[in-house]
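To start, the structure itself, in structure tokens.
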Amino acid sequence: MTGEPSSVVIVGGGLAGAKTAEAVRSNGFSGPVTLIAAESELPYERPPLSKSYLLGKDPFEKAVVHPAEWYADNQIDLRLGRIATSIDRDSQVVTLDDGDRVGYGALVLATGSEPRNLAVPGSDATGVLMLRTRADSDAIRDTFGDGRSLVIIGAGWIGLEVAAAAREAGTSVAVIESAELPLLAALGSDIAPVFADLHRAHGVDLRLNAGVAEILVADGRAVGVRLSDGSEIAADAVLVGIGARPRTSLAETAGLDVDNGVLVDASLRTSDAAIFAVGDIANHDHPLLKRRVRVEHWAAALNQPKAAAAALLGGDAEYAELPYFFSDQYDLGMEYVGLADASARLVTRGDVAAREFVAFWLDDSNRLLAAMNVNVWDVPDAVKPLIKAGTVVDPDRLADPSVDLASL
């Protein structure tokens, strides 16, 4: 595809889809733009569903990307509650579940991810919850309160954030994790204990190296779990938080190249020159990191659309931003920037035990790969240039709080 397309169709009503529509218009495109959203809600950001919205601190409207009038003012044909069922690449037409057919000059897939199911008896019972939508968050919050109990299966970011929200609401919480520590794969054995200690300090019954054999059910409703060792934990509800998978079925049936997401180049273009993918589903050939990267993070959904919109309108654009995410749990706030294997060399500065520190991950040549700041702020902007430049750092100076990061 060369030059400006005749029309743009966006499939996916989350942050990535809404930001793509915004970026296409802000780049001066005046042709038809259609945004197809499976949910009936206006496109919204998802982090608040396990953070401020779940806690009841912020109204849902704060998570909405644009008000309804924005779509009208910008002549965006917003199709709420509609699902794209197929793509005819030869005719460049998307078919919807209501039978409507929408032609495109350029197509952007922003279909996001979906929670992984737990394949154990009882997983289909009432009261077995997952978190992806506003309705899911509402259902989870309805289980909170003094005298109530919640079992969470999975001690990843979502599971731990929900655990924190539930405890702050007075709910008794047990978290079941198959690994020896929460967040072990992401943070490694030296940093992961910070989060184990945090949740135990707030009264969470954290069961590690534990498997779930069955969700216990009475009268069709979940009433607890039976672990692999035979022990049982009673609960009023069960949350399954064992990760997510990219929603790639639409891309697969269209014959696009798919492998752990939709394969895209540096400009977020798929194997079809007229089709792009952004957000959770994009397995991106990252020009800076020199490897394929697929991250289910808010920052990718926020920023990738700018590059995709510029590229689909004929520009020479690449997406080269570093992965970034954040988490809030009780009184702990953290940010992570970059990308590193948890087994990479670890250097810390600050007080890890007091949960006020920065963790750095280095490669074998002492090049900075990633950093995570915990209850210490203004770190990402200082370390991004070091990561992007492949800077070789002195680990001793890196660990010294008196050394300005910018000076490295």
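The values are calculated or read from the model by the stated rules, or taken from the named source; none is laboratory data. Because the structure is a prediction, the values reported are computed rather than measured. Positions of Cβ are backbone-derived with ideal geometry, glycine not excepted, and every protein chain shown enters the neighbour counts.
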Members of the stretch 38-66 found to be hydrophobic (A, V, I, L, M, F, W, C) and in a loop (DSSP other than H, G, I, E, B), listed by number | 38, 42, 54, 55, 65
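Report yes if some residue within the stretch 297-314 is of a type outside the set (A, V, I, L, M, F, W, C) and at pLDDT below 95; otherwise report no.
Going residue by residue through the stretch 297-314, those that are of a type outside the set (A, V, I, L, M, F, W, C) are 297, 303-306, 314.
With at pLDDT below 95 added as a condition, the list becomes 297, 314.
Yes, that holds for at least one residue.
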Going through the stretch 364-376 one residue at a time, which ones are farther than 17 Å from residue 187 by Cβ and either out of contact with any Asp or Glu (no Cβ under 8 Å at 6 or more places or on another chain) or in a strand (DSSP E or B) (or both)?
-> 364, 365, 367
Going by the conditions given, is residue 402 surrounded by fewer than 17 Cβ atoms within 10 Å (Cβ to Cβ) and either among the small types (Gly, Ala, Ser) or assigned to a strand (DSSP E or B) (or both)?
-> yes
Looking only at the stretch 320-335, decide whether some residue is surrounded by 20 or more Cβ atoms within 10 Å (Cβ to Cβ), touching a helix residue (DSSP H, G or I) at 6+ places or on another chain (Cβ under 8 Å), assigned to a loop (DSSP other than H, G, I, E, B) and aromatic (Phe, Trp, Tyr).
-> no
Residue 285 is checked against (1) over 23 Å from the mean Cα position of the chain (by Cα); (2) not assigned by TED's automatic domain parsing to the domain that holds residue 385 and fails just one. What number does that condition carry?
-> (1)
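Suppose we filter 21, 63, 106 for residues that are farther than 17 Å from residue 313 by Cα and either hydrophobic (A, V, I, L, M, F, W, C) or in the same structural domain as residue 139 (by TED's automatic domain parsing) (or both); which single one remains? Quick ask: steps written out before the conclusion?
Values: 21 fails: farther than 17 Å from residue 313 by Cα; 106 fails: farther than 17 Å from residue 313 by Cα.
Only one candidate qualifies: 63.
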Within the stretch 366-389, the residues that are within 17 Å of residue 288 (Cα to Cα) and aliphatic (A, V, I, L, M) are 368, 369, 370, 371, 383, 386, 387, 389
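If we keep just the residues of the stretch 301-319 that are of a type outside the set (Asp, Glu) and outside any helix (DSSP H, G or I), which is surrounded by the most Cβ atoms within 10 Å (Cβ to Cβ)? Explain how you work it out, then say what you get.
Of the stretch 301-319, the ones of a type outside the set (Asp, Glu) are 301-315, 317, 319.
Now drop any that are not outside any helix (DSSP H, G or I), which leaves 313-315, 317, 319.
Details: 313: 19, 314: 14, 315: 13, 317: 19, 319: 26.
Step by step, filter the stretch 301-319, then rank; the result is 319.
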